[in-house]
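Report on the structure given below.
The values are calculated or read from the model by the stated rules, or taken from the named source; none is laboratory data. Just so you know, these numbers come straight off a predicted model, no measurement behind them. Neighbour counts are summed over all protein chains in view; Cβ atoms, including those assigned to glycine, are modelled from backbone coordinates with ideal geometry. Only protein heavy atoms, including side chains, enter the accessible area calculation; ligands, DNA and RNA are left aside. Shrake-Rupley method; radii C 1.70, N 1.55, O 1.52, S 1.80 Å.
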Amino acid sequence: MNVLRIYLSLTAWLLTAICSSAQEPLNADSIASLFLEHYAKAPQEKAYVHTDRDYYAAGDTVWFRAYIVDAASNQLTDRSKFVYIELLDNAADTLIRRIKIKADTAGVFANALPLSSRMKSGTYTVAAYTQWMQNFGEEMFFKKRLTVVNPKDSINPSTKSRTVSKIALDIMPEGGNLIAGHTQRVAFKAMGDDGLGVDVQARLVNAAGDVIKETASRHLGMGYLLVNADAGEELWLEAFTANGLSCRTKLPEALEQGVTMSVNQHKGVVLIQPFATPGINIENMALALYGAGNLMVIELADATPIRISSQSLKPGVVNIALIDRESRRVLAERLVFIRDRNIPDIDISATAE
């Protein structure tokens, strides 16, 4: 599931609700009320699917359990009585099978997808959605990749030895905008033409081709680097794989005026640092933390870092939005993952008989 798109879409809906209300400065209570009003009027669902494994032979059966939760509370919901499960062929971009499943008494959708013995080796996708979720586009659907191997094929795919003919880069400045004269993190993700992450060496270069900084992806093609750009400066990120593939992507233009924020987690504390260029009054802003059952709004007095105990937040993906209380605009956004602190420790030991 593309979590980033889901939460950005939710913020867009909330922004519409904010802009349609009476034009008077918002405070923490009124912002929280608008979130709750939106959740009540336009409830959103999320789907998740467990499969018994990720790799299958042609002719196997994919056993799965699907869950539908409320996006605001992250709790199981019985709003939708049926879930649709699709099996898609990535190479041919075709639908292989679609099934409709009714929830059991525990609110779980359990069933199986038999795989044809004639399936070709390759990467396939399991998609899950409800009829209600179709109102918000396929970006909201749950999607999971599966690998199928057919021993009759001369070449079998593997995520460790797959064939990639080209790569591409996604670039994401922290907070959403690149601000001139301000050092901030710029995240990147390198992907192959099969849609999977590819580990790369990367370097930041200017229009003259001078290398400013070098780095490497940290996991599945994802990484970041610190950038301090001047207004009007052209910067490019170049990426190179171990087998000789390369690509380059231009960074977004650095804004002379703007707002952003950085977010860090350390020793049980979420540290949020808002930043605004001179001439922008940060006292007119508020931070809203929502998602995974969380809703917290804090009015800002200045650019002092905000410290929030992770113990006060429910686990899951939490969106942080920086909102201008007068213009009613979302100025910057950031996702943060709060780990579940109540996961039990499991001790496995062998017993001699």
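Odds and ends about this structure:
- Residue within region 1-23 that is at negative phi, surrounded by fewer than 17 Cβ atoms within 10 Å (Cβ to Cβ), more than 23 Å from the chain's Cα centre (by Cα) and at pLDDT 90 or above present: no
- Of the strands (runs of 3 or more DSSP E) that lie entirely inside region 39-124, those containing 3 or more residues that are over 21 Å from the mean Cα position of the chain (by Cα) and surrounded by fewer than 17 Cβ atoms within 10 Å (Cβ to Cβ) span 61-70, 94-102, 109-114.
- Residue pairs whose Cβ atoms lie under 8 Å apart, separated by 6 or more positions or on different chains, with the first residue in region 34-55 and free of Cβ contacts under 8 Å to residues at least 40 places away in the same chain and closer than 15 Å to residue 141 by Cα and the second in a strand (DSSP E or B) and small (Gly, Ala, Ser), are 50/66.
- Selection count where residues are farther than 11 Å from residue 321 by Cα and open to solvent by 20 Å² or more (accessible area, probe 1.4 Å), scope region 283-297: 4
- Inside region 298-334, residues that are under 16 Å from residue 33 (Cα atoms), hydrophobic (A, V, I, L, M, F, W, C) and open to solvent by less than 30 Å² (accessible area, probe 1.4 Å) make up a count of 2.
- For region 258-288, the candidate set comprises residues that are part of a loop (DSSP other than H, G, I, E, B) and touching a residue at least 40 places away in the same chain (Cβ under 8 Å); within that set, the residue that is nearest to the chain's Cα centre (by Cα) is 268.
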